[in-house]
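K.L.:
I am attaching a structure below and will ask some questions about it afterwards.
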Amino acid sequence: MTDELASTVTDAIEAIRSASSLEALRQAETAALGKRSPLAALSRQLGSMPAEQRKDSGARLQEARSRVSAELDRRRAELEIAERSRRHEAERMDLTEVIGESSRGHVHLLSQTRDELEDVFVGMGYRVAEGPEVETDWYNFEALNMPPAHPARGMWDTLYVRWGEPESTVMRTHTSPVQIRVMEAQSPPIYIVAPGRVYRRDTPDARHLATFHQIEGLVIDRGITFGDLAGTIETFTGSYFGPGIHSRLRPSYFPFTEPSAEFEVTCAICKGDGCRTCSDTGWVELGGCGMVHPNVLRAVGIDPEQWSGFAFGFGIDRCAQVRHEIADMRVFLDNDIRLLSQF
Ligand code: FA5
């Protein structure tokens, strides 16, 4: 049996090594270890052997099977690697052919808008600041002159984060908390803009999204007046929207500014005649603004007798909508290449 076993193993290993595909290897495996293989026949002979010889031959047979199995595993690993690289090569796509040179990716319209808005204000001497999107109640509400249970908190449909005390942590509902962070970190004079993403439980429609972007502005200096605020807004409107778009301020209420105003611009879709986008008013609200409330200055240790200032917060998505005459803001969420490639 010893000679027969040795030549069976040699033949099996040779067949395994020369298998050139996984299918050929499966056939070599059946031939070497299957029910009709020489090894199976030798196993069957064990039953008729005397006990002493059976033990010895059984051990040899087991060793022979292990050598064949090890060779099978080694060859299978080699063939799998070869098969995988053959498949990758066959499936490889030449992306330069599919996309072509002329349609390279570019900055998203909303990021372009944010950059342009920043540029307008940097050109007017402002610095760019930023703050976190997950905020504490203190920065989002309390330091902005809205103590707990203040009714004005209801102006923002707030998303809360399960962290710390209930309702102590929020997804920021506006960029105004950055005002507080900046005033805590530096003393006046302050001239900053802070663009960023904000979150509200708003139902999306032509002019609203639940996740959108604002750009906050804050100026604190000696002798700043409402006239400076109005002049800044007018200068901004002219440089960002160009001729044909006019702005107006309407009295409004925000707890952190007094007096407060809403800033509106001509609806670019209907040129002021009234349409679905502007709810037939001819105007689109772009942001809120006003003179920084003395309580806000006190909350961060700035003396309102010495310093005064104004703040504003515009919707970046609204700015893009008006400037590019986009009737429904929800298209910003679609990521449709036919829209994005136009800008
Ligand atoms: C505020 O968020 C105030 N923090 C603005 C402010 C800052 C006032 C500083 C005074 C001083 P309001 O909720 O009105 O205000 O939002 C400001 C602008 O964000 C809106 O005029 C609009 O342009 C934009 N906006 C508001 N809600 C949405 C929304 N759901 N989707 C898209 N844009 C929105």
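The values are calculated or read from the model by the stated rules, or taken from the named source; none is laboratory data. Predicted, not measured: the structure shown is a model, and the values here were computed from it. Because the Cβ atoms are built from the backbone with ideal geometry, glycine has one as well, and the counts that use them run over all protein chains shown.
K.L.:
Only residues in region 298-324 that are touching a residue at least 60 places away in the same chain (Cβ under 8 Å) count as the first member; pair them with residues that are surrounded by fewer than 17 Cβ atoms within 10 Å (Cβ to Cβ) and not basic (Lys, Arg), Cβ under 6 angstrom, at least 6 apart or cross-chain, and list the lot.
P.N.:
Qualifying pairs under 6 Å: Val300/Glu184.
K.L.:
Which one of these is over 22 Å from Ile224 (Cβ atoms) and of a type in the set (Lys, Arg): Arg127, Arg181, Arg197?
P.N.:
It is Arg197.
K.L.:
Further question on the same structure: Take region 266-300 and flag every residue that is over 17 Å from Gln179 (Cβ atoms), surrounded by 21 or more Cβ atoms within 10 Å (Cβ to Cβ) and within 10 Å of the ligand (Cβ to nearest atom).
P.N.:
Once the filter is applied, which keeps residues that are over 17 Å from Gln179 (Cβ atoms), surrounded by 21 or more Cβ atoms within 10 Å (Cβ to Cβ) and within 10 Å of the ligand (Cβ to nearest atom), region 266-300 yields Val284, Leu286.
K.L.:
Here's something else I'd like to know. If you check every pair at least six apart or on different chains, which have Cβ atoms under 7 Å apart with a residue in region 81-97 that is under 15 Å from Ser21 (Cβ atoms) first and a residue that is at pLDDT 90 or above and assigned to a helix (DSSP H, G or I) second?
P.N.:
Glu83/Leu22
K.L.:
Of all residues being part of a helix (DSSP H, G or I) and among the small types (Gly, Ala, Ser) in region 7-31, which is farthest from Val68 (Cα to Cα)? Just the residue, please. Even if it seems obvious, please write down each step before you answer.
P.N.:
Taking region 7-31 as the starting set, the residues that turn out to be part of a helix (DSSP H, G or I) are 7-17, 22-31.
Filter once more, keeping what is among the small types (Gly, Ala, Ser): 7, 12, 15, 24, 28, 31.
Working: Ser7: 12, Ala12: 7, Ala15: 10, Ala24: 15, Ala28: 10, Ala31: 11 Å.
Here the residue is Ala24.
K.L.:
Would you point out the residue of region 303-337, among those that are more than 11 Å from the ligand (Cβ to nearest atom) and in contact with a strand residue (DSSP E or B) (Cβ under 7 Å, 6 or more places away or on another chain), that is nearest to Leu249 (Cα to Cα)?
P.N.:
Across region 303-337, the extreme among qualifying residues is Ser308.
K.L.:
Can you tell me which residue within region 195-207, out of those that are outside any loop (DSSP other than H, G, I, E, B) and at pLDDT 95 or above, is nearest to the ligand (Cβ to nearest atom)?
P.N.:
Val198
K.L.:
Turning to a different aspect of this structure: Check Ile180, Ile192 and return the single one that is part of a helix (DSSP H, G or I), within 24 Å of Asn295 (Cα to Cα) and not basic (Lys, Arg).
P.N.:
Ile180
K.L.:
Hey, another quick one. Taking Asp157 and the conditions (1) in contact (Cβ under 8 Å) with a residue 40 or more places away in the chain; (2) surrounded by 20 or more Cβ atoms within 10 Å (Cβ to Cβ), which numbered condition does it fall short on, given that it satisfies the others?
P.N.:
(2)
K.L.:
Which condition number does Thr211 fail, the rest of (1) in contact (Cβ under 8 Å) with a residue 40 or more places away in the chain; (2) within 19 Å of Gly287 (Cβ to Cβ); (3) under 31 Å from the mean Cα position of the chain (by Cα) being met?
P.N.:
The number of the failed condition is (1).
K.L.:
Here are Ala185, Ala194, Ala230: which of them is in contact with a strand residue (DSSP E or B) (Cβ under 7 Å, 6 or more places away or on another chain) and free of Cβ contacts under 8 Å to residues at least 24 places away in the same chain?
P.N.:
Details: Ala185 fails: in contact with a strand residue (DSSP E or B) (Cβ under 7 Å, 6 or more places away or on another chain); Ala194 fails: free of Cβ contacts under 8 Å to residues at least 24 places away in the same chain.
On inspection, the qualifying residue turns out to be Ala230.
K.L.:
So, of the residues in region 242-262 that are more than 14 Å from the ligand (Cβ to nearest atom) and either touching a residue at least 12 places away in the same chain (Cβ under 8 Å) or not assigned by TED's automatic domain parsing to the domain that holds Ala311 (or both), which turns out to be farthest from Glu216 (Cα to Cα)?
P.N.:
Gly244
K.L.:
Among the residues of region 50-66, which ones are more than 22 Å from Ala32 (Cβ to Cβ) and not acidic (Asp, Glu)?
P.N.:
Once the filter is applied, which keeps residues that are more than 22 Å from Ala32 (Cβ to Cβ) and not acidic (Asp, Glu), region 50-66 yields Pro50, Ala51, Gln53, Arg54, Lys55.
K.L.:
If Leu5 meets every condition in (1) surrounded by fewer than 17 Cβ atoms within 10 Å (Cβ to Cβ); (2) modelled with pLDDT under 90 apart from one, which number is that one?
P.N.:
Answer for Leu5: the failing condition is (1).
K.L.:
Taking the criterion of being outside any strand (DSSP E or B), farther than 24 Å from Met155 by Cβ and modelled with pLDDT under 95, would at least one residue in region 300-314 satisfy it?
P.N.:
Within region 300-314 (the criterion being outside any strand (DSSP E or B), farther than 24 Å from Met155 by Cβ and modelled with pLDDT under 95), the answer is no, since none of the residues qualifies.
K.L.:
So, Thr136, is that one away from the ligand (no atom under 14 Å from the Cβ) and more than 23 Å from Ser260 (Cα to Cα) or not?
P.N.:
On the way: away from the ligand (no atom under 14 Å from the Cβ): yes; more than 23 Å from Ser260 (Cα to Cα): yes.
Yes: the conditions hold for Thr136.
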